[in-house]
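Take a look at the structure below.
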Amino acid sequence: MHKIYATIYRDFKEYLANYSVFILFLMPLGMALIYRMIGQDAGETIPNIMVFIIIGTVLAAVTTNVPLMLFADEIEHGMIRMVVKDKKDLCLMIIGRSALVIIMSALLIIVSLVIIDRIDMLSLSLSFGLFLAMLVFLGLGILFGIRTKLETTSAVAGVIILFLLGMTPIVESMGLTNVSFIRFLADITPVYQLMALQNNASVMPIVILLVWLGIIGFLVYRSLEIDEKI
Amino acid sequence: MDLEIGTVIGKPTEDKIQLVNGKTYAVQMPYDYFERLSKVVRDSDANVFTNDIPVYKRITFKAHIHYFKKWYNSPLKVDDLIQQFRIETPDEKLSKQNKNEIQKLNYIQALLTDEQHIVFIDPFLHTINDNIHLFHKMKEQLIDQNKSLLVVTSRLEDAFVLQSDVMKINEDGLKIVETSENTVDDKEVQNTKIKVKANDKTIFVDISDIEFLESQDGKVYINLDGEKFMMETTLQNAEDELSSHGFYRCHRSYIVNLHKVKEIITWSKNAYSVIIDNHEKSKIPLSRTKHNEIQERLITL
């Protein structure tokens, strides 16, 4: 357990000192404030699509990109080998990092929803779905953070995840969902499962999220090999 | 923990260094073996420290020590370590610290780690005296903690900074470096070895290992394995002593070991060089008058 606490301690210090990470935390909060102002000017409540764009941004920008950036930096500069001796150490480090990222992501989602006055939409099913979605996005961050050799390559992966998986509801506002293929792809993304849960869908969104989790989890498990790169 | 020398030099040999808890070991080896040694040691239960120190640059020195303490669950106090190693600015980020301060983080990690075997690779290269002194203090504490310390250096002089019992690894395997303290001065030693100075220590080197001797600023230096050792004699005396061992004075300031001569290069009618069969392919000037004689000596060798 002390290795998990040590990782949480170090990562917390890193959050405070790393401006790139700090900006990622501010992104969804900034978006929430802007949407709130737009909503107030228009005298209307913020549409669900906008809410889920913010939630998707938290998931992609924070839950994926923060561990992705930190792992990529450590691997490129050889910092992991400084303390990690075996697979068990690496797993403990991942658990510590993941715990802190999940806590930060949950806090940011709650604060963003409070800012846009939509905290009441957090039902039990949506909260459970959010937790599963966080694990999916976290897995993506760990996978790409460990697999890429350079920080710049990992940054590209992070941006692609942000736009394709984090901001998927934007395709609806752009009218692209009229194309059946795009509609199909959008319907299976994690953020759309959250939207379905909010619309009182049955158990299917949870199943799809679990399938995502299974695939990402398997890929992360295969990647956890200690080699010269790490 | 056993360090198999064969895995380091890449040749089968039965030589090995047995790392025992509470003991320190100093080994000199060519720089080329460092990477392989690092890999071999990392695969065993040992912590390896090199001069290339990866650190979390964005956090402060103190926070980094706290991180190590928490990771290894060490009982040592952070403030005591900061005081002991004289960390000047513990609340500054590591990106703003100089290399000598960051080096102290290696020493602190060695004390905090839960690994029983600690390996430092070339810790005295370009190191200031203060850090060498702190290294010795760390060494004493590691012994008290019942850890073993292996220090590997590329130069024999640096190995003697740690202790007088030094081992040497080369392509032939492992051998103990004989010094005036650990050698009986008998006739056999006098016939096959020669006394030289390394970092104020008197050591014995095998005559057959010597590549060439040169005279510089009134002093005689022996060259072998990329290192220079001073010999307390004149070049003439060295020539008299070594000529029966296959050494030849090819120039006013140089004596070469004919067994180590690779080739002779002719630059022009009056300019020649002897190339030594070593890593650096050293070029030794050859006097015009000695050109024919050295060739005869090489033929009859």
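The values are calculated or read from the model by the stated rules, or taken from the named source; none is laboratory data. These numbers come from a predicted model, not from an experiment. Backbone-built Cβ (ideal geometry, glycine too); neighbour counts: all protein chains shown. Areas reflect the complete protein model, heavy atoms only, side chains present, ligands, DNA and RNA absent. Shrake-Rupley method; radii C 1.70, N 1.55, O 1.52, S 1.80 Å.
Assuming R0 = 25 Å, can you tell me the calculated FRET efficiency for the pair B:Ile132 and B:Leu258, based on Cβ-Cβ distance, to the nearest 0.05?
On the way: r = 40 Å, r/R0 = 1.59.
Once rounded, the FRET efficiency stands at 0.05.
Lys/Arg Cβ at +1, Asp/Glu Cβ at -1, dipole of segment B:2-176 taken about the Cα centre: which of B:Thr127, B:Asn100, B:Leu3 is farthest positive-ward?
About the Cα centre, the residue reaching furthest to the positive side is B:Asn100.
State the antiparallel share, in %, of DSSP beta bridges confined to the protein assembly as shown, rounding to the nearest 5.
On the way: 44 of 61 bridges.
Here the share of antiparallel DSSP bridges comes out near 70 percent.
Determine the sum of side-chain charges near B:Glu171: Lys and Arg each +1, Asp and Glu each -1, restricted to other residues whose C-beta is under 11 angstrom from that of B:Glu171. Show your work: numbers first, answer last.
On the way: positive: B:Lys11; negative: B:Asp32, B:Asp172, B:Asp225.
Taking every other residue near B:Glu171 into account, the sum is -2.
Charges only on Cβ, +1 for Lys and Arg, -1 for Asp and Glu: so what's the dipole of segment A:44-188 about the Cα centre, in debye to the nearest 20?
Values: 9 positive and 11 negative charges, 104 e Å.
The dipole magnitude comes to about 500 debye.
So what is the calculated 222 nm ellipticity per residue for chain A, using -39500 (n - 2.57) for each DSSP H run with n of 4 or more, over all residues, to the nearest 500 deg cm²/dmol?
Numbers: 12 runs with 172 residues, N = 230.
It comes out at -24000 deg cm²/dmol, rounded to the nearest 500.
Determine one quarter of the surface area of the Cα convex hull of the protein assembly as shown, which equals its mean projected area, and express it in nm² to one decimal. Don't skip to the answer; put the middle values down first.
Numbers: hull surface 139.5 nm².
Directional mean of the projected Cα hull area for the protein assembly as shown stands at 34.9 nm².
Please give the FRET efficiency for A:Val207 paired with A:Ile119, using the beta carbon to beta carbon distance and R0 = 22 Å, rounded to the nearest 0.05.
Numbers: r = 27 Å, r/R0 = 1.23.
Plugging the Cβ-Cβ distance into 1/(1 + (r/R0)^6) gives 0.25.
Would you list, by chain and number, the aspartates and glutamates whose Cα falls below 13 Å from the Cα of B:Lys281, excluding same-chain residues fewer than 8 positions away?
The reachable aspartates and glutamates, counting only those whose Cα sits under 13 Å from B:Lys281, are B:Glu211, B:Asp225, B:Glu263.
Name all residues of segment B:111-125 having a backbone nitrogen under 11 Å from the label point set 7 Å from the Cα of B:Gln163 along its Cα→Cβ direction, giving them as ranges.
Counting backbone N atoms under 11 Å from the label point, the list is empty.
Checking buried surface per residue: for segment A:1-39, which residues lose a minimum of 20 Å² accessible area in the protein assembly relative to the chain alone (1.4 Å probe)?
Correct list: A:His2, A:Lys3, A:Ala6, A:Tyr9, A:Arg10, A:Lys13, A:Glu14, A:Ala17, A:Asn18.
Give me the distance in nm between label points sitting 7 Å out from Cα along the Cα-to-Cβ direction at A:Ile49 and B:Glu4, one decimal.
6.6 nm
Using R₀ = 41 Å, calculate the FRET efficiency as 1/(1 + (r/R₀)^6) where r is the Cβ-Cβ separation of B:Lys16 and B:Glu92; round to 0.05.
On the way: r = 44 Å, r/R0 = 1.07.
Efficiency, rounded to the nearest 0.05: 0.40.
Accessible area per residue, 1.4 Å probe, Å², for the protein assembly as shown: what's the number? Walk me through the numbers on the way to the answer.
Details: 25710 Å² over 531 residues.
Result: 48 Å² per residue.
How do B:76-84, B:145-153 rank on mean C-beta neighbours within 10 Å, highest first?
Details: B:76-84: 14.8, B:145-153: 21.3.
Most protected by this proxy first, the peptides run B:145-153, B:76-84.
Note down, for segment B:2-176, the three equivalent ellipsoid semi-axes (square root of 5 times each alpha carbon gyration tensor eigenvalue), biggest first, whole angstrom.
Values: eigenvalues 167, 52, 44 Å².
Semi-axes (√(5λ), whole Å): 29, 16, 15.
What's the total accessible area buried between chains A and B, using a 1.4 Å probe, rounded to the nearest 100 Å²? Each step should come with its number before you reach the end.
Values: alone 11760 and 16110 Å², together 25710 Å².
Chains A and B together bury approximately 2200 Å².
Quick one: pull the percentage of alpha-carbon pairs in chain A with a separation above 28 Å. The partial results should precede the final answer.
On the way: 8079 of 26335 pairs.
Distances greater than 28 Å cover 31 percent of the Cα pairs.
Could you point to the residue in B:Ile203, B:Ala271, B:Gly246 farthest towards the positive end of segment B:193-300's charge dipole, with +1 and -1 charges on the Cβ of Lys/Arg and Asp/Glu respectively?
Result: B:Ala271, furthest along the dipole toward the positive end.
Give, rounded to the nearest 20 debye, the magnitude of the charge dipole that the protein assembly as shown has about its Cα centre when Lys and Arg contribute +1 at Cβ and Asp and Glu contribute -1 at Cβ. It would help to have the intermediate numbers written out before the result.
Details: 55 positive and 65 negative charges, 199 e Å.
The calculation lands at about 960 debye.
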